[in-house]
Structure formats: C-alpha cells, structure tokens
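All remarks here apply to the structure that follows.
The values are calculated or read from the model by the stated rules, or taken from the named source; none is laboratory data. Just so you know, these numbers come straight off a predicted model, no measurement behind them. When we count neighbours, we look across all protein chains shown, and the Cβ atoms used for this are built from the backbone with ideal geometry, even at glycine.
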Amino acid sequence: MLLNAESVEGITVVELPGRIVAVNNRAFDKDLAPLIKPNAKIILDLTQVNRLDSSGVGSIVACLKQVRTAGGDVKLCGLSMKIRALFEMVRLNRVFDIFNTRQEALDSYK
C-alpha cells in the first residue's frame, strides 16, 4: 500500500486509501512509519475511506500514540458519516481532533 502524502506549510497531509482492514493494515503501518518524526504535524484525510475495521482503527490509534510520544499530533478530516459514527461509537472523537475538511484541519494547526 502506498500512501499519498504531501507537505503543506510544514504539515504532512496523508490521503488514506478506500480500505483500511486486517488484510492491509501491516502495509498501512509500514507506510506511515517514515512520517512519524519528532514534533510531526499530521493530518489523515479519510475522504476516500469507505471500509474501516477494528484493525484499521487500531492502526490509526497506534499512529496517534507514536506521533504524540514524539511530541507531535495527528488530526483527522473527511470522515464519511459511517466512519464518523464508528469513531463516535468507540468514543475516539474524544481522542482525535476531527474536522469536516482538509482546510479546517490545516487551519487548526495555526
């Protein structure tokens, strides 16, 4: 799995693929690893994500933990209603800053 990542004003924006599930979450973790740096500011754009299982959620939470341990932060944007409902059901909306759009997430780092 190759993630599409770009730097916008020192913030790494990562577009996640359509599916983050048990079958591909190891590749997902591997692709995210190089982006985890001291004081990293990361936005995970879930606009394309249409399938997310518990292992995918676990990978996103693990990313947050690693980035925060390194002094950075991870914010989410572009969640569909279904994916957002999943995050709310497991109360991850209290752990992550979640934004409707990429621009709102970028602005939150200012």
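Points worth noting:
- Of residues in the stretch 100-110 being in contact with a Lys or Arg (Cβ under 7 Å, 6 or more places away or on another chain) and touching a residue at least 40 places away in the same chain (Cβ under 8 Å), the one nearest to residue 56 (Cα to Cα): 105
- Taken together, the residues in the stretch 45-88 that are under 21 Å from residue 10 (Cβ atoms) and touching a helix residue (DSSP H, G or I) at 6+ places or on another chain (Cβ under 8 Å) amount to 8.
- Unmet criterion (only one of (1) in contact with a strand residue (DSSP E or B) (Cβ under 6 Å, 6 or more places away or on another chain); (2) modelled with pLDDT under 95; (3) not in a helix (DSSP H, G or I)) for residue 98: (2)
- Taken over the stretch 1-16, residues that are closer than 17 Å to residue 62 by Cβ and modelled with pLDDT under 90 amount to 2.
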